[in-house]
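To start, the structure itself, in structure tokens.
The values are calculated or read from the model by the stated rules, or taken from the named source; none is laboratory data. Remember, it's a predicted structure, so these values are computed and weren't measured experimentally. Here Cβ is always computed from backbone atoms with ideal geometry, including for glycine, and neighbour counts include all displayed protein chains. Accessible surface is based on the protein model in full, side chains and every heavy atom, while ligands, DNA and RNA are left aside. Shrake-Rupley method; radii C 1.70, N 1.55, O 1.52, S 1.80 Å.
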Amino acid sequence: LTDLFQSLAQLENLCKQLYETTDTTTRLQAEKALVEFTNSPDCLSKCQLLLERGSVHYDQLVYQNILFSISFLKQSSPLPLEQRIDIRNYVLNYLATRPKLATFVTQALIQLYARITKLGWFDCQKDDYVFRNAITDVTRFLQDSVEYCIIGVTILSQLTNEINQADTTHPLTKHRKIASSFRDSSLFDIFTLSCNLLKQASGKNLNLNDESQHGLLMQLLKLTHNCLNFFTSGKGSSLERVYSSREPQVARGRKPWIKLFPVSSAVLFLIFLYHGNSREVERTVLSCLVQIASVRRSLFNNAERAKFLSHLVDGVKRILENPQSLSDPNNYHEFCRLLARLKSNYQLGELVKVENYPEVIRLIANFTVTSLQHWEFAPNSVHYLLSLWQRLAASVPYVKATEPHMLETYTPEVTKAYITSRLESVHIILRSRDGLEDPLEDTGLVQQQLDQLSTIGRCEYEKTCALLVQLFDQSAQSYQELLQSASASPMDIAVQEGRLTWLVYIIGAVIGGRVSFASTDEQDAMDGELVCRVLQLMNLTDSRLAQAGNEKLELAMLSFFEQFRKIYIGDQVQKSSKLYRRLSEVLCLNDETMVLSVFIGKIITNLKYWGRCEPITSKTLQLLNDLSIGYPSVRKLVKLSAVQFMLNNHTSEHFSFLGINNQSNLTDMRCRTTFYTALGRLLMVDLGEDEDQYEQFMLPLTGAFEAVAQMFSTNSFNEQEAKRTLVGLVRDLRGIAFAFNAKTSFMMLFEWIYPSYMPILQRAIELWYHDPACTTPVLKLMAELVHNRSQRLQFDVSSPNGILLFRETSKMITMYGNRILTLGEVPKDQVYALKLKGISICFSMLKAALSGSYVNFGVFRLYGDDALDNALQTFIKLLLSIPHSDLLDYPKLSQSYYSLLEVLTQDHMNFIASLEPHVIMYILSSISEGLTALDTMVCTGCCSCLDHIVTYLFKQLSRSTKKRTTPLNQESDRFLHIMQQHPEMIQQMLSTVLNIIIFEDCRNQWSMSRPLLGLILLNEKYFSDLRNSIVNSQPPEKQQAMHLCFENLMEGIERNLLTKNRDRFTQNLSAFRREVNDSMKNSTYGVNSNDMMS
């Protein structure tokens, strides 16, 4: 007993160190010790003792112990059912006997209850689902005092929220099944209970000054909100497409909700609750209204929809008529979300038929104008208001109702409010001493709002254009006068530059909005007026760049040019457009070629003066890159002298961002790839087979390579200078390699880099393998060089270059792989950057080389060359160093791994078969997990891998049963033996694939069907048992139909994997899925969870 008390005291001390200490070393040691404790067999019993000992002084420690209990539930070996039931009962009794616990302790205990209930949802004891009695569990709480009632309601609220959230520790398929079953069997009862309790509570005239009574009302509203959220949005929305007919009461699926629950009455009741309550209650009520407004419109008939919409709009009207509560930022935000839902879920033609529509649209317009004028208040909420008006404006051409929509009156007011409020904000921000945030600093938010304004502004475009012309002329004139005045203050100049920045952004946006409406010649002429003004301003600002420049204004210019390019540059634009006429009249820009010269002039100017400003440089180069993509534009661009200047002078002397700046990070050079991609496309237009022109273009890069080679040849060199030179060089080369997608030009590049400069790249990997800022660009360049894009890697029949290129690829992968594995343990938050990213690129590189069709890999073994074996063995080493969870946690890694595995299983199955048993099981496990991945590309790749493996197995088994003079090779025989020793892996994948096809929203049904036939033929007895289990789980009157579905699935299917047989099976499977789903929609019984949920 003394030892026990000492052990508990040590645990309490460890918890205290973990929670309170500021010393990192002490905290890590405590965490390590407590993790070991969670894996001990007496963990839970000691947690219970600590809970029993807990006092006020140990509340924080109790919280930690509860978390450890939760973490114990996440272990790969789950607790026995009886023990989990005991924990559940213990938690309920503990809460029932201690209603005065600290809030966070109560929350943690309830979280533990919810987690146990979710994970045990399909567990049966004596034919009873023991974890599905949540309402019964909380009944004793609901029948007691207010404090106990709060606990009961919180339990239901947390449980609903827990089941609606997927976690990373369990398969997504299992989460979906649990959530579907909970929705169908329990959610409506919980929601009904919540509404009844809410009505009872509100009918008793609660004293909201009383903390406990206020708390009860809040918990009831949160429960209501969680139920609605489950039903209408978040994870719940994805469940609309999941057919869950396993559980009793499945008839209470989504559709009957509307029949069972009067939604319109709920709107009226919530509006009643909204008025006269605390701000917290008001916010939660608004959140509930947002969820109700999100109910799918197809669940109503026309009369019900009109009634519901009428109540909702009336509620909005009542709130707007008494807007005092909207002064709270949280209430304001939720109300803006509610307004956005009006148009996202209903058509303008339906809204105009609502009785109070004219008054409501007036109130909404006034509210929007006021909100926009107070731009500093809750800026993130403006998105929802602009979203509403964007959708309304976009609907105007399609509305067929006879009632007036009145948007021609109110939309210009909204547009004017946005524009003028942004202009007025400039001087307030610049003169503010309170540190007001400048909206222009958040370019992402500005761009989002401008995308919305682009549609709003094009509605009644004449008014928008007139306003912009007036405001622009005023600001431009004032700006020009200030620049000419010797006594002008910098503050006044900054104000006008800020106003012009907003105007240029907005002009670009409304020009981009041309795609939203059928444009007319008059509107094109208006665009011409705006474009002329911006280009004139650009000439003025560019003339001052030697003395001063404004970064925000330059970014606005680039945004304008991007929108102008999308709309008025290219084949889709009529060159007779009135915009070009106006440009010709005002600026003498007579055609598209002259306009392109303005673009290129601006690009060169920016690269000259803003080379050290990364945002401007990157956006400028992106504009150049976009211009270089369209063939008609490129043909015109290469004729410009400015473009020829770039092609002949791409050095740091003319473009400062190409220089080696010792103060900048290596990652700042990323824009160089974009620059050289554009130059490569421009060079290719007239390059043909002119090697002299190519060599002339490559002179600066040749000099850089020679400089690095010279550094590497000496024993001591400036490492930082060498890194910067090399990283800049390989980024340049990757851009060129990406652009050269024709055989002739790419062969020039290949012969230039191999064999002369390939050893330099290998040396860089050898020296700096631990520095991803260096290795990542080099590896990406190599991956690009081996990528046979557009069949550009086609060597002559007498050329060994394909084999030599793969040797270099193998050498780089092997060198990097062997060295990166020496790093040892890497912190979790740095593991992707330091290790997994490079491995992912190696996987992509190897996949590109293996699938490029320019190497006959049979010659390597034939002639004793170990290049292929070295690359494949390095792949296995790298793969085994990655935990299974990481393969799916990092999207780029998972895509590169599964695409490589697909190539290996297709073309190198003998290598896979020769691997050690634990490696084969690792690969099969990764395929099994990938089958349920959210990424369709990963899931499809896993299906293909599985199909190749199953086909290989089936062929080898077929051969082994036939009398042949030549026995199976050693690898095949060994692989068959491993699979026969572990049949559960293939059986599990058969169950998973069938489960997804029957129950999931199978987005790649064809891909799923290909391995399924092989899995069935390899596991005929298991498939028969699985089929019988599914059939027997149906109600008696449905069993014959389900049996017939399975019979039809295999009808006409022979025992082979020939293409004709596979195609017939795929057709049968499509019919099977439709028939099963139709049958199970009407079923009131479920499939045995032990069969399909394992």
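Given the rule -39500 (n - 2.57) for each run of at least 4 DSSP H residues, summed and divided by the residues of the chain, what is its mean residue ellipticity at 222 nm, to the nearest 500 deg cm²/dmol?
Mean residue ellipticity at 222 nm (helix-derived): -23000 deg cm²/dmol.
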Original post:
What is the Å³ per residue value for the convex hull set by the Cα atoms of region 591-668?
Top reply: 90 Å³
Original post:
Can you give me the pair-distance distribution of region 687-882, C-alpha pairs, 5 Å bins, whole percents?
Top reply: 1, 7, 16, 19, 19, 16, 12, 7, 2, 1, 0
Original post:
Hey, what's the Kirkwood Rh for region 526-617 if you take every pair of different alpha carbons, in angstrom?
Top reply: 13.8 Å
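Using 0.36 nm per residue of separation minus the Cα-Cα distance, give me the extension gain between residue 301 and residue 202 in nm, one decimal.
Using 0.36 nm per residue and subtracting the Cα-Cα distance, I get 32.5 nm.
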Original post:
When the solvent-accessible surface of protein heavy atoms is calculated with a 1.4 angstrom probe, in what order do 915, 934 fall, highest first?
Top reply: 934, 915
Subject >> Radius of gyration and Dmax over the Cα atoms of region 406-576, both given in Å >> reply: 16.2, 52
Subject >> Long pairs among 636/780; 743/811; 118/892; 317/343; 463/619; 174/835, criterion Cα-Cα beyond 22 Å >> reply: 636/780; 743/811; 118/892; 463/619; 174/835
Original post:
Put a dot 7 Å past each Cα toward the Cβ at residue 790 and residue 81; how far apart are the dots in nm?
Top reply: 6.3 nm
Original post:
When all protein chains stay in place, what accessible area (Å², nearest 10, 1.4 Å probe) is found for residue 82?
Top reply: 110 Å²
Subject >> Accessible-area composition of the chain, carbon plus sulfur, in percent [1.4 Å probe] >> reply: 48 percent
Subject >> Dipole of region 591-668, positive end: most advanced residue of 640, 601, 613 [Cβ charges, Cα centre] >> reply: 640
Subject >> Relative pair counts by distance (%), Cα atoms of the chain, 20 Å bins >> reply: 10, 29, 39, 21, 1, 0
**OP:** At q = 0.09 Å⁻¹, what is the base-10 log of I(q)/I(0) for region 275-405 according to the Debye formula with one equal point scatterer per Cα and no solvent? Please give it to two decimals.
**Re:** -0.25
Original post:
Full extension from residue 822 to residue 834: what is 0.36 nm times the residue separation minus their Cα-Cα distance, to one decimal in nm?
Top reply: 3.1 nm
**OP:** Using the charge dipole of the chain (Lys, Arg: +1 at Cβ; Asp, Glu: -1 at Cβ; taken about the Cα centre), state which of 844, 368, 991 has its Cα farthest towards the positive end.
**Re:** 991
Subject >> residue 908 accessible area, assembled protein chains, probe 1.4 Å, Å² >> reply: 30 Å²
Original post:
What accessible area, in Å² to the nearest ten, does a 1.4 Å probe give for residue 325?
Top reply: 10 Å²
Subject >> Gap separating the Cα centres of region 307-336 and region 894-937, nearest whole Å >> reply: 54 Å
Subject >> Given charges at beta-carbon only (K, R positive; D, E negative), |dipole| of the chain in Debye >> reply: 2200 debye
Subject >> Length released on extending from residue 424 to residue 24, taking residue separation times 0.36 nm less the Cα-Cα span >> reply: 139.1 nm
Original post:
On average, how much accessible surface per residue is there in the chain, in Å², for a 1.4 Å probe, leaving out ligands, DNA and RNA?
Top reply: 44 Å²
